[in-house]
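The values are calculated or read from the model by the stated rules, or taken from the named source; none is laboratory data. Because the structure is predicted, anything quoted here is derived from the model rather than measured. Neighbour counts are summed over all protein chains in view; Cβ atoms, including those assigned to glycine, are modelled from backbone coordinates with ideal geometry. Just so you know, the surface numbers come from the protein's heavy atoms only, side chains and all, with ligands and any DNA or RNA stripped out. Shrake-Rupley method; radii C 1.70, N 1.55, O 1.52, S 1.80 Å.
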Amino acid sequence: MCKINGFINFNYTKKQAKNIITQMSQQTSVIPHELKIFNHKKVCLGDQALHYTYRGQTYTIVYQGELDNLTALCLYLRRHQIQIKDGTDAEIIVKLYALLGAKMLHKIQGNFAFAIYENTHQRLFLARDQLGIMPLFYALNQNSLAFSAKISALFVHPTIRPCVNLDGLRELFGVCPARTPGKTVYKNIYEIKPGEYGYWQNGKLTTKTYFKFKSQPHTDNVNTTTTKIRKMLTKAVHQHSSSQHRVGLMLSGGLDSSAITALAAQNQTNLKTFSVDYVGNQENFKPTDFSPSRDNYYIDLVAKRYKTQHNYQLLNSADLSLTLHEALMARDYPSMADIDSSLLLFCRALKEHIDVCLSGEFADEIFCGYPWFYRQDTHQATTFPWAIDLTVRENTVAKHLKNKLQLKKFVTQSFNDAVAEVPLCTTDTPADRQMKIYSYLTIRWFGLNLLERGERMATRCNLQIRMPFTNLKLAQYVYNIPWTMKNHNNQEKGILRTAMQDILPKEVLNRKKCPYPKTVDPIYTELIEQRIRALLTDEEHPVWQIVNIDYVSQVLNNTTTHSTRPWFGQLMQRPQYLAFIYQIATWLVEYQVQLDLPNR
């Protein structure tokens, strides 16, 4: 799990450095364990530091993640007469780096984040996987650098404090739950971007992109395309489901998780599958355009067909409400409210049965499954498709900050900057161009949040989540499939449905997309309303320095869902909005956030 922490150029004694790296490790790892610390001059790495000497130069690595092509990499090293001792990911990566330097990143696939210190050159190398599955945050402090898999670990340092300025509030209210790649809500806290590496030397960090999607003509016909998709996805599923640990699968009865289950069942028996539901949903569920059906019927179809040992995890509203605080601590900033806390509870329940869980996450990102790919109102928009209407966001901001933040200007500029980075091809049709833009933004911005959500909540429970749809070769291949083919048979994710048509029940194959299930239990709404009412009585609470107390009161007292539909509508509705406000209030107090804002 998360075991990557370190700092360089801080003026600590060896005793102070060891104490700080120990505290950082306590933030990033849920299980107590023996630390392996590298502490040399002004460099400290932990907590499972590994050393390697090659041609007179010593390299020290801290690593987290899982390589997809470990076997091939071992063969490559052996061909270059480099001996392999234990064959761990960290050993392979540090030896590849010693042999090839930063070029080694073009050979590795999987989810990873790592740091390597070169003793001879006294420089630090930081790198993150191509899609951003593994997190890697860092803080710049004059001529010093601290890094970690978790933001709160950085705050262990006496000179690094949680501070939020106008730019941070723009992230929080403008594009949340997405986040500008490379940025966080905190001042002077950044992240190594997906597909990026950096060198720290002589008090300066220099970063460089090593991976971007390539845009090129797609020359395969439908049959060849579906065959390749099936082959790549099958390989990824079998690879991720092969483990010495207890393995299970998340199964919602939707296309993506059902496809993963069907493919896993090809070479395994007695599969364990799990789904999440909520107390009160059976009685209170009402179909909508975004959530047309409940999952249970479809789950049972798949579980029965593949003879899985299925387990329904039923969450109650009290636990969901109470866990909002822990979900915030896992994220280190407010994000998706009970969409986060429910996954945290789900992962905790799964951990009682399994250690590794396969998920259908990221299929909607690469195969264009979200509603905004199909709605005409989003096609005419010149902003992020999940943030078309900024009205609620702007109304939520405290009145004295509204003009200073200029959210619309910020979001528009962010969108234009993001579009300028999209890899396009001269042969793209107007429809292909539009959908490639949306696909890239969904992968690079919106999807990054969901990857972080899964990693953070699972790590909190010491559970590994593996996502076959994040396979790099698959993602790159699908990116260039033209829109008419992706939307084969005029169905959302039509090409994926066609690739799976011989192994899935027809009801599942033709099921309209439904989002991750959320609670519709009125008891949950009542619990959140109680917290907001209590918050409103405390007019001196720091949350009202950044949030409009009058607007929150208006939302609280207006129970008409459509008039208070904020953020990205299929998930963040009125109860989630109020829970989000509660998380902001909790965050400001719990993290003792300093607000670096202009005077009124």
Cβ-placed point charges (K, R +1; D, E -1), dipole of the chain about Cα centre in debye, nearest 20: 1760 debye
Here is the link list: LYS272/LYS506; LYS231/LYS513; LYS486/LYS513; LYS286/LYS506. Which ones come out longer than 20 Å on Cα distance? LYS272/LYS506; LYS231/LYS513; LYS286/LYS506
Under a crude label model (7 Å from the Cα following the beta-carbon direction), how far is ASN188 from ASP550 in nanometres? 3.7 nm
Report in % the part of the accessible area of the chain that belongs to carbon and sulfur, leaving out ligands and nucleic acids; probe 1.4 Å. 47 percent
In segment 228-346, if the dipole is taken from +1 on Lys/Arg beta carbons and -1 on Asp/Glu beta carbons about the Cα centre, which of GLY248, LEU315, SER342 is farthest to the positive end? GLY248
Reach of LYS409 by Cα under 15 Å, taken over aspartates and glutamates that are not fewer than 8 positions away in the same chain: ASP167, GLU171, ASP389, GLU394, ASP417
Calculated over the chain: convex hull of Cα atoms, volume per residue (Å³): 153 Å³
Extension reserve of the THR13-GLN26 stretch, reckoned as 0.36 nm per residue once the Cα distance is removed: 2.7 nm
Arrange the peptides 410-418, 16-24 so that the one whose residues have, on average, the most other Cβ atoms within 10 Å appears first. 16-24, 410-418
Which value, in Å², gives the accessible area per residue of the chain when a 1.4 Å probe is used on the protein heavy atoms? 41 Å²
Full extension from THR209 to LYS286: what is 0.36 nm times the residue separation minus their Cα-Cα distance, to one decimal in nm? 23.1 nm
When the helix-only estimate is applied to the chain (DSSP H runs of n ≥ 4, each -39,500 (n - 2.57), divided by the residue count), what is the mean residue ellipticity at 222 nm, nearest 500 deg cm²/dmol? -11500 deg cm²/dmol
Please give the per residue volume of the convex hull enclosing the alpha carbon atoms of segment 495-561, rounded to a whole number of Å³. 165 Å³
Suppose the chain between LYS41 and SER243 were pulled fully straight at 0.36 nm per residue; how much longer would it get relative to their current alpha carbon spacing? 68.8 nm
For segment 1-131, what does the equivalent ellipsoid look like in terms of its semi-axes, each the square root of 5 times an eigenvalue of the Cα gyration tensor, given largest first in whole Å? 25, 17, 12
Each label sits 7 Å from Cα toward the beta-carbon; between GLU326 and ASN416 the label points are separated, in nm, by 4.6 nm
Run down the lysines and flag those whose C-alpha is under 24 Å from the C-alpha of LYS404, throwing out any fewer than 8 positions away in its chain. LYS183, LYS187
25 Å tail of the calculated P(r), segment 184-297, as % of Cα pairs: 59 percent
Need the C-alpha centroid separation for segment 502-525 versus segment 406-479, integer Å. 23 Å
Can you give the local net charge around GLY182? Use residues other than it whose beta-carbon is closer than 10 angstrom to its beta-carbon, Lys and Arg +1, Asp and Glu -1. +1
Cα-based count: Lys pairs in segment 14-110 below 24 Å, eight or more positions apart or different chains? 18
